[in-house]
Amino acid sequence: MPIHDVVILPGGELAADVAAQIESKVSSTVGIKVQQIPMSKPRQFKAVLVGDGDDAALSSLAKPTTLAVFVVQTIENESPPEEAGACVRFFKRKTHPASLLADKVQFAVLGLGDSNLLLDRQHTSAKDCNQVAQSLDGRFEALGGTRFVARGEADERTGLTEVEPWIDALVGKLKD
(Lines give C-alpha, C1' and ligand atoms only; values in the text may rest on other atoms or scores of the structure.)
Protein backbone atom coordinates (compact mmCIF):
# COMPACT_ATOMS: atom_id res chain seq x y z
CA MET A 1 0.00 0.00 0.00
CA PRO A 2 1.50 3.38 -0.98
CA ILE A 3 2.31 5.94 1.69
CA HIS A 4 0.60 9.35 1.43
CA ASP A 5 1.64 10.93 4.74
CA VAL A 6 4.70 10.64 6.97
CA VAL A 7 4.63 11.55 10.65
CA ILE A 8 7.98 11.63 12.47
CA LEU A 9 7.93 11.21 16.24
CA PRO A 10 11.27 12.19 17.81
CA GLY A 11 12.03 11.25 21.40
CA GLY A 12 15.07 13.10 22.70
CA GLU A 13 17.27 16.02 21.75
CA LEU A 14 19.50 14.06 19.39
CA ALA A 15 16.40 12.36 17.97
CA ALA A 16 14.96 15.75 17.05
CA ASP A 17 18.09 16.54 15.01
CA VAL A 18 17.91 13.21 13.18
CA ALA A 19 14.16 13.67 12.65
CA ALA A 20 14.89 16.97 10.89
CA GLN A 21 17.30 15.10 8.57
CA ILE A 22 14.64 12.52 7.78
CA GLU A 23 12.00 15.20 7.17
CA SER A 24 14.29 17.11 4.83
CA LYS A 25 15.27 14.06 2.80
CA VAL A 26 11.75 12.63 2.52
CA SER A 27 10.24 16.01 1.59
CA SER A 28 12.85 16.85 -1.02
CA THR A 29 13.33 13.39 -2.51
CA VAL A 30 9.91 11.77 -2.40
CA GLY A 31 7.60 14.78 -2.20
CA ILE A 32 5.36 13.29 0.48
CA LYS A 33 3.83 15.53 3.13
CA VAL A 34 5.85 15.20 6.36
CA GLN A 35 5.08 16.49 9.83
CA GLN A 36 6.75 16.07 13.20
CA ILE A 37 4.97 15.34 16.46
CA PRO A 38 7.18 15.04 19.54
CA MET A 39 6.76 11.83 21.54
CA SER A 40 6.16 14.14 24.53
CA LYS A 41 2.74 15.18 23.13
CA PRO A 42 0.38 12.29 24.08
CA ARG A 43 -2.84 13.82 22.77
CA GLN A 44 -1.30 14.38 19.34
CA PHE A 45 0.53 11.06 18.94
CA LYS A 46 -2.52 9.07 20.12
CA ALA A 47 -4.68 10.85 17.55
CA VAL A 48 -2.29 10.02 14.72
CA LEU A 49 -1.41 6.48 15.73
CA VAL A 50 -4.71 5.05 16.94
CA GLY A 51 -7.29 7.63 15.84
CA ASP A 52 -8.01 8.54 19.45
CA GLY A 53 -8.46 12.25 20.01
CA ASP A 54 -10.38 15.46 19.48
CA ASP A 55 -8.26 16.69 16.58
CA ALA A 56 -10.07 15.42 13.48
CA ALA A 57 -7.18 16.37 11.17
CA LEU A 58 -4.69 14.30 13.17
CA SER A 59 -7.13 11.42 13.77
CA SER A 60 -7.72 11.18 10.02
CA LEU A 61 -4.06 10.13 9.65
CA ALA A 62 -4.66 6.84 11.54
CA LYS A 63 -4.77 4.73 8.40
CA PRO A 64 -2.48 2.29 6.55
CA THR A 65 -1.34 4.97 4.07
CA THR A 66 0.36 6.90 6.89
CA LEU A 67 3.89 6.05 7.97
CA ALA A 68 4.85 6.79 11.58
CA VAL A 69 8.62 7.07 11.95
CA PHE A 70 9.83 6.82 15.55
CA VAL A 71 13.29 8.22 16.23
CA VAL A 72 14.11 7.45 19.84
CA GLN A 73 17.16 7.62 22.06
CA THR A 74 18.15 5.20 24.77
CA ILE A 75 19.91 6.87 27.67
CA GLU A 76 21.48 5.44 30.79
CA ASN A 77 19.97 2.32 32.36
CA GLU A 78 18.15 1.35 29.16
CA SER A 79 15.66 4.18 29.66
CA PRO A 80 14.01 6.57 27.23
CA PRO A 81 14.77 10.27 27.54
CA GLU A 82 12.17 12.35 29.35
CA GLU A 83 10.76 13.61 26.02
CA ALA A 84 9.92 10.04 24.92
CA GLY A 85 8.62 8.75 28.25
CA ALA A 86 4.91 9.42 27.69
CA CYS A 87 4.86 7.60 24.35
CA VAL A 88 6.91 4.64 25.57
CA ARG A 89 4.72 4.23 28.65
CA PHE A 90 1.56 4.45 26.53
CA PHE A 91 2.63 1.59 24.29
CA LYS A 92 3.95 -0.57 27.13
CA ARG A 93 0.50 -0.70 28.75
CA LYS A 94 -0.67 -4.27 29.12
CA THR A 95 -4.33 -3.23 28.74
CA HIS A 96 -4.07 -2.50 25.01
CA PRO A 97 -5.82 -4.98 22.71
CA ALA A 98 -3.55 -6.98 20.39
CA SER A 99 -5.23 -5.20 17.48
CA LEU A 100 -4.58 -1.62 18.67
CA LEU A 101 -2.45 -0.77 15.62
CA ALA A 102 -4.04 -3.21 13.14
CA ASP A 103 -5.22 -1.43 9.99
CA LYS A 104 -3.78 1.83 11.27
CA VAL A 105 -0.44 3.48 10.46
CA GLN A 106 2.60 1.59 9.24
CA PHE A 107 5.67 2.10 11.42
CA ALA A 108 9.43 2.43 11.26
CA VAL A 109 11.79 2.72 14.24
CA LEU A 110 15.27 4.23 14.39
CA GLY A 111 17.14 3.89 17.67
CA LEU A 112 19.91 6.21 18.79
CA GLY A 113 22.17 5.04 21.59
CA ASP A 114 25.61 5.60 23.01
CA SER A 115 27.69 2.54 23.82
CA ASN A 116 30.13 4.81 25.69
CA LEU A 117 27.60 4.57 28.53
CA LEU A 118 28.20 0.82 28.73
CA LEU A 119 31.50 0.96 30.54
CA ASP A 120 31.07 -2.50 32.08
CA ARG A 121 31.41 -4.28 28.70
CA GLN A 122 34.50 -4.81 26.61
CA HIS A 123 32.79 -5.10 23.21
CA THR A 124 29.73 -3.05 22.42
CA SER A 125 27.77 -2.13 19.33
CA ALA A 126 24.64 -0.23 18.36
CA LYS A 127 22.61 -3.32 19.25
CA ASP A 128 23.74 -3.07 22.89
CA CYS A 129 22.61 0.53 23.43
CA ASN A 130 19.21 0.76 21.72
CA GLN A 131 16.88 -1.04 24.11
CA VAL A 132 14.10 1.56 23.88
CA ALA A 133 13.93 1.23 20.09
CA GLN A 134 14.04 -2.57 20.33
CA SER A 135 11.25 -2.58 22.89
CA LEU A 136 9.02 -0.19 20.92
CA ASP A 137 9.57 -2.03 17.66
CA GLY A 138 8.57 -5.34 19.22
CA ARG A 139 5.60 -3.79 20.99
CA PHE A 140 4.27 -2.17 17.80
CA GLU A 141 4.37 -5.54 16.08
CA ALA A 142 2.66 -7.23 19.06
CA LEU A 143 -0.11 -4.62 18.85
CA GLY A 144 -0.83 -5.51 15.23
CA GLY A 145 1.28 -2.82 13.58
CA THR A 146 2.80 -3.21 10.13
CA ARG A 147 6.57 -2.63 9.92
CA PHE A 148 7.55 -0.52 6.91
CA VAL A 149 11.33 -1.02 7.09
CA ALA A 150 13.62 -2.94 9.41
CA ARG A 151 14.48 -1.25 12.69
CA GLY A 152 17.60 0.89 12.53
CA GLU A 153 20.07 1.13 15.39
CA ALA A 154 22.80 3.75 15.58
CA ASP A 155 25.61 4.32 18.08
CA GLU A 156 26.90 7.76 19.01
CA ARG A 157 30.31 6.25 19.79
CA THR A 158 30.75 5.40 16.10
CA GLY A 159 29.45 8.79 14.92
CA LEU A 160 25.92 7.56 14.14
CA THR A 161 27.21 6.17 10.85
CA GLU A 162 24.20 3.85 10.70
CA VAL A 163 21.71 6.72 10.39
CA GLU A 164 22.29 7.77 6.77
CA PRO A 165 21.99 4.25 5.29
CA TRP A 166 18.77 3.71 7.28
CA ILE A 167 17.31 7.00 5.99
CA ASP A 168 18.32 6.00 2.46
CA ALA A 169 16.54 2.64 2.85
CA LEU A 170 13.43 4.41 4.17
CA VAL A 171 13.41 6.90 1.27
CA GLY A 172 14.08 4.10 -1.23
CA LYS A 173 11.06 2.15 -0.03
CA LEU A 174 8.89 5.30 -0.06
CA LYS A 175 9.83 5.79 -3.73
CA ASP A 176 8.72 2.25 -4.67
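For the chain, give the percent of accessible area contributed by carbon and sulfur heavy atoms, probe 1.4 Å, rounded to a whole number. Reported share for carbon and sulfur atoms: 47 percent.
For the chain, the orientation-averaged shadow of the C-alpha convex hull comes to 9.5 nm² (one quarter of the hull surface).
Using a probe of 1.4 Å, the accessible surface attributed to Asp137 totals some 10 Å² when neighbouring protein chains are kept in position.
The phi torsions of the stretch 33-41, fed into the Karplus equation with coefficients 6.51, -1.76 and 1.60 and a -60° offset, translate into couplings of 5, 10, 9, 10, 10, x, 5, 7, 10 Hz, rounded to whole numbers, with Gly and Pro shown as x. Taking packing as the residue-averaged number of other Cβ atoms within 10 angstrom, the listed peptides 55-62, 39-46 run from highest to lowest as 39-46, 55-62.
Tell me the mean residue ellipticity at 222 nm calculated for the chain from its helices only (DSSP H runs of n ≥ 4, each -39500 (n - 2.57), averaged over every residue, nearest 500).
My calculation for the chain gives -11500 deg cm²/dmol from helical runs alone.
Taking amide H as placed 1.01 Å from N in the peptide plane, the amide H of Asp155 sits under 5 Å from that of Gly113, Leu160, Thr161, Glu162, each at least 5 places away or on another chain.
Where both residues lie in the chain, what percent of DSSP beta bridges are antiparallel, nearest 5? Roughly 5 percent of the beta bridges in the chain run antiparallel, per DSSP. With 27 Å as the limit, the listed pairs Lys41/Lys104; Lys33/Lys94; Lys94/Lys175; Lys46/Lys173; Lys63/Lys94; Lys41/Lys175 have Lys33/Lys94; Lys94/Lys175; Lys41/Lys175 beyond it between alpha carbons.
Solvent-accessible surface of the chain, averaged per residue with a 1.4 angstrom probe and all protein chains in place: 48 square angstrom. Short-range pairs are left out: with C-alpha atoms under 8 Å and at least six residues apart, the relative contact order of the stretch 31-93 is 32 percent.
Mean separation of Cα pairs under 8 Å and 6+ residues apart, divided by the residue count of the stretch 1-72: what relative contact order is that in percent?
The value is 45 percent.
Taking all Cα pairs closer than 8 Å and separated by 6 or more residues, the relative contact order of the chain comes to 22 percent.
Here the stretch 135-174 and the stretch 72-113 have alpha carbon centers that stand 13 Å from each other.
The values are calculated or read from the model by the stated rules, or taken from the named source; none is laboratory data. Values in this document were obtained by computation on a predicted structure and should not be read as measured data. Because the Cβ atoms are built from the backbone with ideal geometry, glycine has one as well, and the counts that use them run over all protein chains shown. Areas reflect the complete protein model, heavy atoms only, side chains present, ligands, DNA and RNA absent. Shrake-Rupley method; radii C 1.70, N 1.55, O 1.52, S 1.80 Å.
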